[in-house]
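Report on the structure given below.
What follows draws every value from the coordinates through simple rules; no lab data is involved. Predicted model only: the values in this text are computed from it and were never measured. Here the Cβ positions follow ideal geometry from the backbone for every residue, glycine too, while neighbour counts run over all protein chains shown.
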Amino acid sequence: MKQALVTGGTRGIGEGVARVLATAGWSIVAASVSQAELDAFAPQDGIAVRHLDVTDQASVDALFGEFPRLDALVNCAGILLCDREYDIDVFSRVLDVNLTGTMRCCLAAHPLLAQSGGAIVNTASMLSTFGGPLVPAYSASKGGVAQLTKALAGRWADDGIRVNAIAPGWIETEMTQALRDDPDRTQGIMARTPLKRWGKASEVGALVRWLLSDEASFVTGAVYPVDGGYLAM
C-alpha cells in the first residue's frame, strides 16, 4: 500500500484530497497544526492524523522521521488573512506558512521520495496567475509556490521525483464560506465561471489522485487549474 502525507489534511481542500486518496487505497497521514481540527476529524479507514507545524523545522523533522517509506507528499497547509496582509508581520507569517512551509516539507520529503520514486503535489491558486488586492501575501506566496514547483521539478527529475501543483479556484471550503453566504459576491463569481457552480474539494482530490498515479508518469513541472474555467474568462 502506498503512503502519502497530506499537510493541512484535516479541513478544506486538504481534507478532500486525503479522503479521495484513502478511498483509492492509499495509506494517508493527514497533518494539521490545529489540535482542535485533529480532534474533530471524522475517522476514515486508511487515514491517520498527526500534528505538524510547517513553520517549525523541528516539527517537520519529527513527523518526517516517523516514515520508513513515503510515496507522495501533498502540500495543502496554508493560510489567508484577508485585509490584514499589508501588515508586514502578517505578510511574513503568510509567506512562512504557504511558501517556505511548502519548501520545508519538500526538502524533508526528498530523501524518502528519492528512494520510492515518489511524487509531490503542491497547492498553488488561481491567484498564482493574477493578484488579489485584499491578500497580497497570499497572492505572492501562491505565485511563489507555482514557480517553486517548476524549479523542484527540474532539479529533482534525475532523482525520479515528479513535482506538480494544483491551482484551485472557487471551491466549497470553510475559507470561502463568507463569500458563498454573500449573494452579490457569489453572483459576480458565477458570472465569470463557465461551469456556473462552486467546485468541490473531492474534485480537487481527484486531480491529485491522477497526478500521483502511474498514468501521470510523464507529467512534471505543471500547474493545473481546478476552477470551472474561471481563469479562461
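Specify the residue with the greatest mean-square fluctuation among 134, 52, 113, computed from a Gaussian network of the chain linking alpha-carbon atoms under 10 Å apart.
Checking each option, the largest mean-square fluctuation is seen for 134.
Ignoring trypsin sites (Lys or Arg not before Pro) that are buried or in helix or strand per DSSP, and keeping those with at most 13 other beta carbon atoms within 10 Å, what is the longest stretch of the chain between them?
70-195
Taking θ = phi - 60°, what integer Hz values does the Karplus form 6.51 cos²θ - 1.76 cosθ + 1.60 yield along segment 24-40, in sequence order, with x for Gly and Pro?
Running phi through 6.51 cos²θ - 1.76 cosθ + 1.60 with θ = phi - 60° gives 7, x, 7, 8, 10, 10, 9, 10, 8, 7, 8, 5, 4, 5, 4, 5, 8 Hz.
Once you place label points 7 Å from the Cα toward the Cβ at residue 1 and residue 192, how far apart are they in nm?
4.2 nm
If I take R0 = 41 Å and measure r between the Cβ atoms of residue 155 and residue 232 in this structure, what FRET efficiency does the formula 1/(1 + (r/R0)^6) give, to the nearest 0.05?
The value I calculate is 0.85.
For 218, 41, what ranking results if the residue with the fewest other Cβ atoms within 10 Å of its Cβ goes first?
Final ranking by Cβ density, sparse to dense: 218, 41.
Mind checking segment 107-188 for chymotrypsin sites (Phe, Trp or Tyr not before Pro) that DSSP puts in a loop (not H, G, I, E or B) and that have at most 14 other Cβ atoms within 10 Å?
130
Need the full-extension length gain, residue 35 to residue 222, defined as separation in residues times 0.36 nm minus the C-alpha distance. One decimal, nm.
64.0 nm
Hey, what do the phi angles of segment 157-167 turn into as Karplus ³J(HN,Hα) couplings, whole Hz, using 6.51/-1.76/1.60 and θ = phi - 60°, x for Gly and Pro?
Once rounded to whole Hz, the list reads 4, 5, 8, x, 9, 8, 10, 10, 9, 9, 10.
Can you give the FRET efficiency to the nearest 0.05 for residue 66 and residue 213, using r as the Cβ-Cβ distance and R₀ = 30 Å?
0.75
Which of 80, 107, 99 moves most in a GNM of the chain, Cα contacts under 10 Å?
Of 80, 107, 99, the most mobile in the Gaussian network model is 107.
In sequence order, what are the phi-derived ³J(HN,Hα) couplings for segment 74-85 according to the Karplus relation 6.51 cos²θ - 1.76 cosθ + 1.60 with θ = phi - 60°, rounded to whole Hz, with x for glycine and proline?
Each residue's phi maps through the Karplus curve to give 10, 8, 10, 5, x, 9, 9, 10, 4, 6, 10, 7 Hz.
Label segment 3-232 by shape, choosing from rounded, prolate and oblate, from the square roots a ≥ b ≥ c of the eigenvalues of the Cα gyration tensor; if a/c is under 1.5 it is rounded, and otherwise prolate applies when a/b is larger than b/c, oblate when it is not.
Rounded, since a/c falls under 1.5.
Ranking 38, 195, 21 by Cβ neighbours within 10 Å, fewest first, what do you get?
195, 38, 21
Which residues does a label at residue 24 reach in segment 183-206, if reach means a backbone N under 13 Å from a point 7 Å past the Cα toward the Cβ?
So the set is 202-206.
Sort out for me the Cα centre separation of segment 203-219 from segment 57-90, rounded to whole Å.
22 Å
Ignoring everything except DSSP H segments at least 4 long, calculate the 222 nm mean residue ellipticity for the chain; use -39,500 (n - 2.57) per segment, divide by total residues, nearest 500.
Helices in the chain give a 222 nm mean residue ellipticity of -12500 deg cm²/dmol.
Which value in nm describes the separation of the simple spin-label points at residue 82 and residue 147, placed 7 Å from the Cα toward the beta carbon?
2.7 nm
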